[in-house]
Every structure is written in structure tokens, then in C-alpha cells.
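The values are calculated or read from the model by the stated rules, or taken from the named source; none is laboratory data. Keep in mind that this is a model prediction, so the values were computed, not measured. All Cβ positions, even for glycine, are placed from backbone atoms using ideal geometry, and neighbour counts span all protein chains on display.
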Amino acid sequence: MRVAHINVTSGLSTGRVATGIGEVLEDLGHKALLCYSRGYPPENIPGFRIGNTVDMWLHALGARLWDRAGFFSRGATRRLVRQLRLYKPDIVHLHNLHGYYLDIRTLFGYLAEAGVPVVWTLHDCWAFTGHCAYYTIAECDRFTLGCGHCPQLSAYPAALWVDQSTRNWQQKRAAYAAVPNLMLVTPSVWLGREARRSFLGKRAIRVIPNGIDLTQFRPCDEPELLSDVVKRYGLKELAGKHMLLSVASTWDERKGLTDLVELSKRLREDMMIVVLGLTERQRGELPATMLGLGSTQNIRELRALYAAADVCMSLSHEETQGMTLLEALACGTQVLCYDATALPETVTPDVGEVVPEDDLTAAAAACARLCDQPKSPLSCRARAMEYEKRGQYTQYVGLYQELLGIRGV
């Protein structure tokens, strides 16, 4: 099989998923190509960069001025189409198509013409809305009717004043309708349910959670690394206190930073919230009862931080899976989350607690219980093993073969 993946990034975020599936394909004797806009070239599979930085900024400017994210970059998309025609894929696997690098009309025109099966892994909700990638925090369900009067124009992909959400919604629906052999995959049951509420609802939808690399995320057996991380991140302030860790690559309203600040006021004195991934400004705005840390791309350091924590929690309001919880579990650390969107799907009573969304009193009580009566690290690790990367991504290989009428992996 020859499978072409299309994603906004390579090696970062959803790019890890696309690359991981490609690596499994290559290991099994198949061919993979990752077409991406940003990040670094993949190491173990062939890559093709879509467009360039100038094109991306022009697309972003057009989206900001005219609310047309996903409807610029025609030249870059035509060059991608030429590459795909040369590659002659048996399957085209789509991932995140937003990010200021593609014209979906041009791409789906090619897909309709090519006639090959198309798999689309939805990592958020942008595919079926007229503007936003998430909408639950805005309590908006206009995507079910056609969008319009968007309440989140300032949310990514931000627009200044023009609201084209109805037009975007209509043109997305028309572009996708031209491709009859489109299979959707979601990383959670929750996102699958949301897709079924949209104009994509009649498409076949399968749930395949994203996988986790258990060789990178594991209990930390390196005392010297733990000691170094304590010094590097100033964790000596935690001496004698329980560490409640919360991690995100970008902290915005939906990630729950405001909730964490309010929660810190309700915790016992022997607990401290540590937030990883903050900007300098955000760190400066935290109360003295919290510790703010910048971002890290160092997996070893991240593993040590997870392992050092007593609890890893997510008070996020919108997640399509909740990978930071899985990473913590793989390191043997118990977890806590809101009963919001897809987060509860990861957490069982053996590995942590789920509390009602926005109920900070319940969250504080749960933190106390988990610190006083912690869950077994072995149970946490065992839960994460259910999401082992190769096993999850091999499911995609089986799906490809199913769509092509091929037996066996």
C-alpha cells in the first residue's frame, strides 16, 4: 500500500500521530508519505513540505481580514496535488487541514478526481464548523444548522470583523460531498458524537484513540534526572508539599488556567499547583500559591516532571482526547479531570477521579483524597498501556486494508 498523509505539522502535536502511523506502515513493508506545512522533515518516512513561510503568513492575513481560513494557498495546494499525482497513493489520510496552508476546495477537487479511499482523522471540530476548532465553551451548536453570527470570531483562526462562517460552512459541506469514499476517524467517542451531529453525520465514523509512546513516557528511574529537574525548574519551593501538575502546550481560556488559579485558593497548605507551558506574562500573573513554568520540548524532563507529581490534572473545558493525562498515567502518576468533552474517557476509578465541570470544591476534595490515598502507579501504567502507540496505529493499517479489500495486516 501507498499512503499519503496530509497534516499541518510534522513532528509536533498531531504531526506525531501522522508520523507514527507512517512509521508503522513502513515497518510492515508499505509506503508512506507525510505532506506537511510546518515543523521539521520526518526522520523515518519521506516528507513533502507544502508551501512556505511567506505563503502561510499571507494565508493567515487573509483569514484575519476576511474570515476565510482554509480557502487561500491555492498555489501551494496545486503543488501538493502535483506531488500526490506523482506519488499515486492507494489511500489519502487527512489530519489537520487548518493552520493557514491549504485550500480545501482545490484539495477535495483532486480527491474527487482521484477516486481513492480517503481517511480523515479529526483532531478537533474545525472540519465541520464555519469558523472555530472548538465551540463547547461558547455553548454554541450553530454548526448543526449552518453557522452564521459566529460568537467566536476572535478565537482561532481569528478574524477581525468579517463573519463568513455561513459561507465557509456551506463551501466545506459542498467540497466534502464531492468525495463519496470518505471515512472519518476520531480519537474519542465524544468527538465522534459531535461529528454525527454535523453535516458529516452520515459518513462512516470509527473511533481510534491516539497512541502514546511508552518507551518515552514511563516511570522515571533516573534519580540524577529528577534532581536536575528539581534544580532547573525551581521545584525546591515544593519541599514538603504535594505537587499537583497541569500541562499544556498553550494556555488559553479553554484550557482552564483561570480555574487552576481559583482552585489554588481552596487547597490545603500542603499542596501546590505547578503549571507547565506558560508564557512569561502568564507566569508573572500567577499568585504566590502557584508555581508557573515555561514550555519544554525535552521529553526526558517532561517525563521527570510527570513522575515527580503526586497528581496530574486537567481542568480543561475542551479536549478531543486528553493526551497529557495519558502521558502522566504512563509515568505512573494518577490523574484528575473535569467531566468535560472527551477527558473522562481516559480516567477510570483505578487511576484517578473525574469531577463535575466548574465544581472547584469537588476538585479540591478530590485532590485531597488522591494525595492521602493515592492510586497504584502500576494501575496507572497499565491503563496507559491500553493506548500503546504501535497497537493504536496498527489499527489504521487494518482500516486501510479493509477499505482496499485486502486481508491481513
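A few points about this structure:
- Residue match in segment 94-101 (condition: more than 24 Å from residue 251 (Cα to Cα) and surrounded by fewer than 20 Cβ atoms within 10 Å (Cβ to Cβ)): no
- Residue ranges of strands (runs of 3 or more DSSP E) in segment 187-284 with at least 2 members free of Cβ contacts under 8 Å to residues at least 40 places away in the same chain and in the same structural domain as residue 335 (by TED's automatic domain parsing): 271-276
- Of all residues assigned to segment 164-179, at least one qualifies as being touching a His at 6+ places or on another chain (Cβ under 7 Å) and closer than 15 Å to residue 70 by Cβ.
- Residues that are farther than 25 Å from residue 85 by Cα and buried (at least 22 other Cβ atoms within 10 Å of the Cβ) within segment 26-68 comprise 63, 67, listed in sequence order.
- With a requirement of 2 or more residues that are without any contact (Cβ under 8 Å) to a residue 12 or more places away in the chain, the helices (runs of 4 or more DSSP H) lying completely within segment 319-399 that satisfy it span 360-372.
- Complete set of residues in segment 69-127 that are among the aromatic types (Phe, Trp, Tyr), under 26 Å from the mean Cα position of the chain (by Cα) and over 23 Å from residue 208 (Cα atoms): 71, 72, 100, 101, 108
- Qualifying positions in segment 142-156 - assigned to a loop (DSSP other than H, G, I, E, B) and out of contact with any Gly (no Cβ under 8 Å at 6 or more places or on another chain): 145, 149, 151, 152, 153, 154, 155, 156
- Residue check, residue 296 among the β-branched types (Val, Ile, Thr), surrounded by fewer than 16 Cβ atoms within 10 Å (Cβ to Cβ) and either over 26 Å from the mean Cα position of the chain (by Cα) or modelled with pLDDT under 85 (or both): no
- Lone unmet requirement of (1) surrounded by fewer than 23 Cβ atoms within 10 Å (Cβ to Cβ); (2) outside any loop (DSSP other than H, G, I, E, B) for residue 116: (2)
- Considering residues of segment 186-219 that are surrounded by fewer than 18 Cβ atoms within 10 Å (Cβ to Cβ) and touching a Cys at 6+ places or on another chain (Cβ under 8 Å) only, the residue farthest from residue 320 (Cα to Cα): 219
- Look at (1) more than 25 Å from residue 205 (Cβ to Cβ); (2) modelled with pLDDT of 95 or more and you find that residue 95 fails only one, number (1).
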